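See below for the structure under consideration.
The values are calculated or read from the model by the stated rules, or taken from the named source; none is laboratory data. What you see is a predicted model; the values in this text were computed from it and never measured. Backbone-built Cβ (ideal geometry, glycine too); neighbour counts: all protein chains shown. What goes into the accessible areas is simple: the full protein's heavy atoms, side chains included, and nothing from ligands, DNA or RNA. Shrake-Rupley method; radii C 1.70, N 1.55, O 1.52, S 1.80 Å.
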Amino acid sequence: MDNLSLPIHTQISTSLLFQEEVMSAIEAMTSASVEERGAIFTRPDVVDFILDLAGYTPDKPLDQMKILEPSFGNGNFLLPMVERLLQAWNRAANKSADAFEDLSMCVCAVELHGETFIRTKRNLLYLLCEHGIPADIADRLTHAWLILGDFLLSSLPQGFDFIVGNPPYVRQERIPTVLLSAYREQYSTLYDRADLYIPFIERSLRLLVPNGHLAFICSDRWTKNRYGSLLRKLVSKHYHLKIYVDMVDTPAFHSEVSAYPSIAVIARQAAGATRFAEQPEINKATLKDLANALVSPQPPSLATVREIKRVTNEDEPWIFDQPNQLELVRRLERIFPTLEKEGCKVGIGIATGADEAFIGPFDSLSVEPSRKLPLVTTQDIASGEVRWNGLGLVNPYEEDGSLVKLENYPLLQRYLEERKNRIANRHCARKSPNKWYRTIDRINLDLTAKPKLLIPDIKGEAHIVYDAGEFYPHHNLYYITSSDWDLRALQTVLRTGIARLFVSVYSTRMRGGYLRFQAQYLRRIRIPRWQDVPDQTKRVLIKASIQKETLERAVFDLYGLTSSERATLGTNKK
């Protein structure tokens, strides 16, 4: 059966208006590239580790249980699963002579890509025959087990004891619009800019039997980012986050990838403590010992395993940091207001969608003087203060935020028309052809003249730079403005480790231990009320910013930190 004319198993909701378009989109995805499908393949030792964490081990009566692999790809999980199933079946006391009768309901595995489906099916046939299963029975089993189709829209049996795998990592912009609409109709957690693995997890969770276990390796972004909030809430209300293993900076996959992986084991049972480990050494013996410690009914036998209570809490980010850091953050959250409640605004700089057209040397931008702004980038603040490299931003907006009429600005009109092919080809321009010269983000003219703190997105430490009100920030810079706090004083406070403390607790980590200083995390920072800061302390904080000093003692006193909390804050700054 080595051909691509295989039936695609898909059950589309009858409420969809464009079922033919959905089917066409699915057909197109069956022949998509590896990148378009988000296919990343897991190392064998890690696969065995995940199967152990899920509890899918040959010492159990696996021939009486059901396991699902929702995106089986090259069979990295599927083939080891079947190996374990056959081991358990061969040991079974009630084993019959009919392998099909005993095993046909034990496995369900789905794959969207046609060529991959055929290749892995062939390898599965070989495996079954190597284990003594007659060829005709092996063929019948593969037909019973394998489904070619879209896991998110396929008709599947209910009630799995185990669901394991590595769901596809596909950004929304790579998913055909009609298919994305079909997914949104089916899955309530597909929220904001969620990647495809989010509805994969949702559907898998809903397919579990009571006490069933899901074990996935996938990006850790959803555990803290906004787009994962609805899925976190689902887990919090109905499931138990049993085990979590941080796999960032470990060679978990066959190829180097930009994803930041973690392993989550989620059970359909009452919530309880979560066992946590991070960055294990990738070898069979180490992972076997770690799995035993993580699943043991006894207290963890390894120092590298911690038990954390109340990790899941409605849609709140999952926090696995050291208890003393989390305890300090929780205390400060009870006492002090957030930045924005204390009159600060957190935002991000301009995204144009075509920087090469909208950005250039300020003096060389051949537009009217009112149509360009001095632009500050991460390179300009690398030294800790603004050292402008002379870039400018072309501004197609009036003061009220509306697009200018090009005929009123002939230089701007000529400049943009010369670059129209590049500018008009952006997604935002194609959606509104009559507004083809707009930037992705609207420019707020007042922002340039406002004093602000500038913070690069990705850093190991809180890199906070003061701008007196001379520049417009680029999109890789976050900014803080304030109506109450003096920003010089606030800069001193945030640089002591307070900013990094909050961001490190809530942010997902990048490779090399870097943090994301994004708006959603910066907004969680707590600060004292400006009116409660003594006048002498205000003057000291402002002076320290101007003289580039770090006044830890003054800030510690401001927050009322104990000696142990001061040590925690210092440890966090490593």
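Key figures for this structure:
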{"quantity": "Separation in nanometres of the label points that stand 7 Å from Cα toward Cβ, at residue 304 and residue 206", "calculated": "3.7 nm"}
{"quantity": "At q = 0.28 Å⁻¹, base-10 log of I(q)/I(0) for segment 158-197 (Debye sum, equal scatterers on each alpha carbon)", "calculated": "-1.01"}
{"quantity": "Kirkwood-based shape ratio for segment 489-544, expressed as Rg/Rh from alpha carbons", "calculated": "1.07"}
{"quantity": "Value of relative contact order over segment 405-552, rounded to a whole percent, pairs C-alpha under 8 Å and six or more apart", "calculated": "19 percent"}
{"quantity": "Probe 1.4 Å - accessible area at residue 458, Å² to nearest ten", "calculated": "80 Å²"}
{"quantity": "Cα-based shape type of segment 43-124, given that a ≥ b ≥ c are square roots of the gyration tensor eigenvalues and the cut on a/c is 1.5", "calculated": "oblate"}
{"quantity": "Calculated P(r) tail over 24 Å for segment 259-407, as whole % of Cα pairs", "calculated": "63 percent"}
{"quantity": "Fraction of antiparallel bridges per DSSP, the chain only, in percent to nearest 5", "calculated": "65 percent"}
{"quantity": "Within the chain, helix-based [θ] at 222 nm, where runs of 4 or more DSSP H residues each add -39,500 (n - 2.57), nearest 500", "calculated": "-10000 deg cm²/dmol"}
{"quantity": "Förster-model FRET efficiency, 30 Å R0, residue 188 and residue 351, C-beta, rounded to 0.05", "calculated": "0.55"}
{"quantity": "Overall Cα dimensions of the chain, principal axis frame, Å, largest first", "calculated": "85, 64, 38"}
{"quantity": "For segment 52-100: relative contact order, % (alpha-carbon pairs under 8 angstrom, 6 or more apart)", "calculated": "46 percent"}
{"quantity": "Calculated SAXS-style log₁₀ I(q)/I(0) at q = 0.11, 0.13, 0.14, 0.21 Å⁻¹ - segment 143-252, Debye, Cα scatterers", "calculated": "-0.36, -0.51, -0.60, -1.34"}
{"quantity": "Chain lengthening between residue 449 and residue 431 when straightened (0.36 nm per residue, less Cα-Cα)", "calculated": "3.3 nm"}
{"quantity": "Binned Cα-Cα distances of segment 303-369, short to long, each 5 Å bin given as a whole percent", "calculated": "3, 10, 12, 13, 11, 9, 8, 8, 9, 8, 6, 2, 1, 0"}
{"quantity": "Quarter of Cα convex hull surface for segment 324-453, i.e. mean projection, nm²", "calculated": "11.1 nm²"}
{"quantity": "Semi-axis lengths (Å, descending) of the ellipsoid that matches the C-alpha gyration tensor of segment 67-205", "calculated": "31, 15, 12"}
{"quantity": "Long-range Cα-Cα pairs in segment 383-519 (distance over 20 Å), rounded percent", "calculated": "58 percent"}
